[in-house]
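Peer 1: Let me give you the structure first, and then I'll get to my questions.
The values are calculated or read from the model by the stated rules, or taken from the named source; none is laboratory data. Being a predicted model, the structure only gives us computed values, none of them experimental. Note that each Cβ is placed from the backbone with ideal geometry, even for glycine, and that neighbours are counted across all protein chains shown. Please note that ligands, DNA and RNA were not included when accessible areas were found on the heavy atoms of the full protein model with its side chains. Shrake-Rupley method; radii C 1.70, N 1.55, O 1.52, S 1.80 Å.
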Amino acid sequence: MKFFMPDFDKSLETIKFKPTAVPEPKSTSVKNKKVKKKNKSSKKLKEDESSTNEATGKVAKSSKLLQGRIEKPKNKKSSKSQQLKLSKATAEKAVKESLEKTNNEQDSSSISTFAAKLKEQLKGGRFRFINEQLYTMSSRNAAKIFEEDPQAFHAYHEGYRHQIAKWPLSPLKRIIKMINRLPKSLEIGDFGCGEGQLAQAVPHKVYSLDLVSCRTDIIACDMAQTPLKTHSLDVAVYCLSLMGTNLNECFMEANRVLKVNGFLYIAEIQSRFDDVTQFVRQLKAYGFELIKQDVGQNVFYFFQFKKTRNIGLVAKVPQITLKPCLYKKR
């Protein structure tokens with residue numbers, strides 16, 4: 001907009017003014033400026049806060065990743081109190097679980113122990129039963145029992161191994177020492193050999209015989225009727241094997257298969273003898289002379305006889321009996 005001065009003087013110049021906005025009331029302008037400023041400041045503050053939090057988060061996250069852990073808040077009583085409560089609860093839970101686990105393990109262990117004990121008792125019971133049968137029947141009937149139930153033989157020898165582990169000495173080991181002193185050319189007969197340990201421990205030719213064969217080199221037969229040839233053995237061994245009610249037939253078989261001047265080795269439990277002198281005198285009637293005896297042991301007696309003559313199968317000989325070795329029931 002242009003303003004012209006009146007024509008008072010034509011020599012005067014015309015002055016042009018720039019257009020200006022009409023000013024609003026002062027109070028309203030100031031108020032709006034403050035609001036705008038405040039909004040700008042608030043917006044800026046929020047932006048700064050956001051950027052700061054973002055930066056801090058990134059740094060914290062980076063720090064946690066680098067350190068491999070999470071920083072716990074410090075100097076916060078409420079947080080510490082909560083953590084203590086959680087720790088206490090966790091500890092109580094862990095203790096409870098541990099006690100339950102221990103109790104379960106103890107119960108399981110008790111059950112396992114009971115089962116193992118029961119199993120051993122059953123094994124021991126079966127061994128005692130078979131053992132009693134072997135001592136109170138003839139060798140022929142015993143052979144029939146094992147023929148019908150071969151597992152009974154293995155059950156018997158499993159129980160037998162359990163028993164000999166408790167003995168103060170092994171009679172078989174002593175017999176093995178005696179055999180090893182003999183010339184290697186001699187042939188041995190192991191009557192009632194069990195698992196054939198003698199044959200595995202000496203360099204001699206050994207004929208292992210028992211009611212059941214648990215190895216290919218063991219001959220299954222009745223000890224009173226073996227398949228051995230007459231006068232074929234140099235040594236006959238009876239190590240804890242004089243069982244059955246027909247011992248007279250077993251000694252007659254020993255006389256048959258042994259050569260004259262052959263040896264008869266016997267190892268037996270001392271409690272089976274009522275009269276050792278009578279036992280030695282009776283064996284003389286079967287053609288065996290006593291060479292050496294050891295009856296000073298608390299558990300076992302050892303005898304060494306020599307065959308002096310043949311007696312034949314129809315000879316009149318005394319009946320030989322030994323007390324059965326019966327184990328007490330537990």
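Peer 1: Among the residues of the range 194-231, write down those that are within 21 Å of Leu247 (Cα to Cα) and open to solvent by 30 Å² or more (accessible area, probe 1.4 Å).
Peer 2: Within the range 194-231, Tyr207, Leu211, Ile219, Ala220, Gln225, Pro227, Lys229, Thr230, His231 qualify.
Peer 1: Kindly indicate whether Ile130 is within 17 Å of Met223 (Cβ to Cβ) and at pLDDT 95 or above. Full working, then the answer.
Peer 2: Details: within 17 Å of Met223 (Cβ to Cβ): yes; at pLDDT 95 or above: no.
Answer is no for this residue.
Peer 1: Could you check the range 203-256 and list, in sequence order, the residues that are modelled with pLDDT of 95 or more and basic (Lys, Arg)?
Peer 2: Matches in the range 203-256: Lys205, Lys229, Arg256.
Peer 1: Can you tell me which of Val212, Val206 is more than 17 Å from Phe305 (Cβ to Cβ), touching a Phe, Trp or Tyr at 6+ places or on another chain (Cβ under 6 Å) and among the β-branched types (Val, Ile, Thr)?
Peer 2: That would be Val212, the only listed residue that is more than 17 Å from Phe305 (Cβ to Cβ), touching a Phe, Trp or Tyr at 6+ places or on another chain (Cβ under 6 Å) and among the β-branched types (Val, Ile, Thr).
Peer 1: Follow-up. Quick check on this structure: which one of Leu283, Leu264, Leu242 is of a type outside the set (Lys, Arg) and in a strand (DSSP E or B)?
Peer 2: One residue alone meets the criteria, Leu264.
Peer 1: Let me ask another. Across the range 272-296, what is the total count of residues that are surrounded by 13 or more Cβ atoms within 10 Å (Cβ to Cβ) and either hydroxyl-bearing (Ser, Thr, Tyr) or in contact (Cβ under 8 Å) with a residue 60 or more places away in the chain (or both)?
Peer 2: Residues flagged as surrounded by 13 or more Cβ atoms within 10 Å (Cβ to Cβ) and either hydroxyl-bearing (Ser, Thr, Tyr) or in contact (Cβ under 8 Å) with a residue 60 or more places away in the chain (or both) within the range 272-296 amount to 1.
Peer 1: Within the group Lys306, Lys323, which residue is open to solvent by 60 Å² or more (accessible area, probe 1.4 Å), in contact with an Asp or Glu (Cβ under 6 Å, 6 or more places away or on another chain) and touching a residue at least 40 places away in the same chain (Cβ under 8 Å)?
Peer 2: Lys306
Peer 1: Still on this structure, I have one more. Suppose we filter the range 174-195 for residues that are in contact (Cβ under 8 Å) with a residue 40 or more places away in the chain and among the charged types (D, E, K, R); how many remain?
Peer 2: Adding up the residues that qualify gives 3.
Peer 1: Please go through the range 199-234 and pick out each residue that is under 12 Å from Gly189 (Cα atoms) and outside any loop (DSSP other than H, G, I, E, B).
Peer 2: Ala199, Lys205, Val206, Tyr207, Ser208, Leu209, Asp210, Ile218, Ile219, Leu233, Asp234
Peer 1: Can you pull out the helices (runs of 4 or more DSSP H) entirely within the range 134-193 that have at least 2 residues that are at pLDDT below 90, open to solvent by less than 20 Å² (accessible area, probe 1.4 Å) and hydrophobic (A, V, I, L, M, F, W, C)?
Peer 2: Counting at least 2 such residues, we get 150-164.
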